[in-house]
Amino acid sequence: MRIRAGFEIALRCGRDTPFVGLLSVHPSRRTESDLRLDLDLPYSTSPDAFGNTRTRLLAPTGVLTLSSDFELEDSGLLDEPAHEEREVHVDELPDDALQFLSASRYCETDKLTPLAWSLFGDVEPGGTRVQAIVDYVHDRIRFGYEYASTTRSAWEAHQERRGVCRDFVHLAVAFARCMNIPARYCSGYLGDIGVPAADIPMDFTAWMEVYLGGRWFVFDPRHATRRIGRILMARGRDAADVALYTTFGPSELVGFRVFTSEV
């Protein structure tokens with residue numbers, strides 16, 4: 001199947017402002033650049049510490065619009081099932097998976113470890129345990145865009161029992177790490193393909209990848225079901241590593257649109 005996707009983001013800057021973004025599709029899905037600017041500005045791209053495509057530019061005073069509109073091939077298959085996959089003992093993990101066992105800015109494993117073991121310690125290790133974590137988080141947190149917060153942590157999401165997709169993922173990632181299962185935060189596109197269309201504006205979304213059986217598998221605590229047509233943009237330890245953009249100076253978001261659908 002083919003999927004069309006893209007975005008349009010408009011920023012107003014009070015002065016010339018350095019900008020760093022992770023707005024491109026991940027190199028594992030797409031190699032050529034898909035970023036457009038409405039002004040003739042120089043910009044550079046390079047891989048960041050997690051292999052995401054990082055864009056740097058100097059946003060001028062006034063309004064700058066960044067956009068993307070592309071098509072790519074997709075298998076059309078649901079996320080690969082992982083319920084029968086085994087956990088990999090820490091001694092056997094590859095070096096690059098170890099960083100996804102540690103606490104990070106939004107995933108406080110030190111606070112959540114006793115709770116995690118009380119909830120999931122008796123669950124069969126492996127994919128079954130990860131699915132139990134996903135189901136618990138899905139049932140625990142109430143979704144709503146009005147609950148969005150840029151500072152809410154996994155611990156706070158558990159206590160407040162509300163949030164947006166990033167809060168679901170932070171809590172599930174933290175619980176997995178508490179159980180010695182490497183887990184990383186992912187951001188990207190997910191359209192209403194194979195499911196009833198949602199009557200809300202489209203946005204970027206978040207999910208997690210968990211290391212089981214020697215490979216990374218997708219789990220989605222927000223939807224708690226396998227989906228079709230995910231397009232990865234960036235992955236990292238938590239949302240701090242995959243921020244859509246960061247401006248180093250005063251800026252205001254004055255326009256935002258995301259779209260994705262089957263062609």
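The values are calculated or read from the model by the stated rules, or taken from the named source; none is laboratory data. Small disclaimer: the values here were computed from a predicted structure and weren't measured. When we count neighbours, we look across all protein chains shown, and the Cβ atoms used for this are built from the backbone with ideal geometry, even at glycine. We work out accessible area using only protein heavy atoms, side chains counted, and drop any ligands, DNA or RNA first. Shrake-Rupley method; radii C 1.70, N 1.55, O 1.52, S 1.80 Å.
Structure summary
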| item | result |
| --- | --- |
| Antiparallel bridge percentage (DSSP; both residues within the stretch 114-263; nearest 5) | 90 percent |
| Average Cα contact separation per residue, the chain, under 8 Å, 6 or more apart, as relative contact order % | 31 percent |
| Rounded if a/c under 1.5, otherwise prolate or oblate - the stretch 166-253, Cα gyration tensor axes | oblate |
| Axial C-alpha extent at least 18 Å, average Kyte-Doolittle at least -0.5 - helices from the chain (DSSP) | 127-140, 165-178 |
| Under the Karplus curve 6.51 cos²θ - 1.76 cosθ + 1.60, θ = phi - 60°, whole-Hz ³J(HN,Hα) for the stretch 49-59, x wherever Gly or Pro sits | 5, 10, x, 7, 8, 9, 10, 10, 7, 10, 6 |
| Accessible surface ranking that places the most exposed of Ile200, Ile133 first, with a 1.4 angstrom probe | Ile200, Ile133 |
| Within the accessible area of the stretch 153-205 (1.4 Å probe), percent carbon and sulfur | 46 percent |
| Carbon plus sulfur fraction of accessible area for the stretch 1-117, probe 1.4 Å, in percent | 49 percent |
| Length gained when the stretch Leu98-Glu262 is fully extended (0.36 nm per residue, less Cα-Cα span) | 55.4 nm |
| Whole-Hz couplings from phi, Karplus 6.51/-1.76/1.60, listed for the stretch 154-159; x for Gly and Pro | 4, 4, 5, 4, 5, 6 |
| Karplus-derived 3J(HN,Hα), 6.51/-1.76/1.60, for each residue of the stretch 201-215, Hz, glycine and proline x | x, 6, 9, 5, 9, 10, 8, 10, 10, 10, 8, 9, x, x, 9 |
| Spin-label pair Leu115/His89, simplified geometry with 7 Å Cα→Cβ offset, distance in nm | 3.1 nm |
| Helical mean residue ellipticity (222 nm; -39500 (n - 2.57) per DSSP H run of 4+; nearest 500) of the chain | -5500 deg cm²/dmol |
